[in-house]
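The values are calculated or read from the model by the stated rules, or taken from the named source; none is laboratory data. The shown structure was predicted, so the numbers you read here are calculated from the model rather than taken from an experiment. All Cβ positions, even for glycine, are placed from backbone atoms using ideal geometry, and neighbour counts span all protein chains on display. Ligands, DNA and RNA are excluded from the accessible area calculation, which covers all protein heavy atoms including side chains. Shrake-Rupley method; radii C 1.70, N 1.55, O 1.52, S 1.80 Å.
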Amino acid sequence: MVSIGVLVSGGGTNLQKLIDAQQAGNIPNGKLRVVIASRPDAYALERARQAGIEAITLARKDYPDVYTYSQALADALKERGVELVVLAGFLTITGDNFVKAFPNRILNVHPALLPAFGGKGYYGLHVHEAVLKRGVKVTGATVHFVNEICDAGPIILQKAVEVKEGDTPEVLQKRVMEQAEWQLLPQAVSLFCQGKLSVEDGVVHISE
């Protein structure tokens, strides 16, 4: 059974989809073990508690630098036997030491079709604002493994979502979540827990 740790910063809608998938039996061989929030007022913590999952807060401001904070995160996860880390709306930057602690075992969901609209500064509504400003007709979401470069890790799953005339960033954000993020993240976690993902030369292969 693969122990899963989820890192969150806000409301936890992606976390809720993972909880729902687990309760529906759709993450075979996987178990949500702990949820760690970067802020104590994150509603995601309440979602975790309601589902009987350990919920703790590790705030960036309590640590002197990124390296120390990243080490504290890695230590907290390893103490609980976590083998797969899921970034579900985790908006705090971590250091390379965190990535090295879980090589090809950190998943992130990004609200665009990477490599477009990714990298530093592209998070939350900023992504959808950039998409609309550029006038692209199709956006979507990506689940990828995390490496040392922001939003540049091996891509696991992607799903396209139509950009419609008159969209606002908020409307587009909601559509991307509902039609792509909430579907892809549980699917990718399930594939990982079943041992169906492998990475070769930066490319993810999915076995049947």
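At-a-glance table
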{"quantity": "Flag for I27 being in contact with a Cys (Cβ under 8 Å, 6 or more places away or on another chain), touching a residue at least 24 places away in the same chain (Cβ under 8 Å) and of a type outside the set (K, R)", "calculated": "yes"}
{"quantity": "Residue that is most open to solvent (accessible area, probe 1.4 Å), among those in region 51-101 that are in a loop (DSSP other than H, G, I, E, B) and of a type in the set (G, A, S)", "calculated": "G52"}
{"quantity": "Checklist (1) at pLDDT 95 or above; (2) in contact with a helix residue (DSSP H, G or I) (Cβ under 9 Å, 6 or more places away or on another chain) applied to T68, failing item", "calculated": "(2)"}
{"quantity": "Per-region count, region 32-42, residues over 17 Å from L87 (Cβ atoms) and under 16 Å from the mean Cα position of the chain (by Cα)", "calculated": "0"}
{"quantity": "Entirely in region 118-208, the helices (runs of 4 or more DSSP H) that have 1 or more residues that are open to solvent by 30 Å² or more (accessible area, probe 1.4 Å), touching a helix residue (DSSP H, G or I) at 6+ places or on another chain (Cβ under 7 Å) and among the polar types (S, T, N, Q)", "calculated": "169-176"}
{"quantity": "Tally of residues being in contact (Cβ under 8 Å) with a residue 12 or more places away in the chain and at positive phi across region 49-87", "calculated": "1"}
{"quantity": "Members of region 1-31 that are of a type in the set (S, T, Y) and in contact with a helix residue (DSSP H, G or I) (Cβ under 7 Å, 6 or more places away or on another chain)", "calculated": "T13"}
{"quantity": "Total residues in region 188-203, condition within 17 Å of the chain's Cα centre (by Cα) and touching a residue at least 40 places away in the same chain (Cβ under 8 Å)", "calculated": "6"}
{"quantity": "Which listed residue is at pLDDT 95 or above and under 24 Å from S198 (Cα atoms), from E83, E79, E54, E46", "calculated": "E83"}
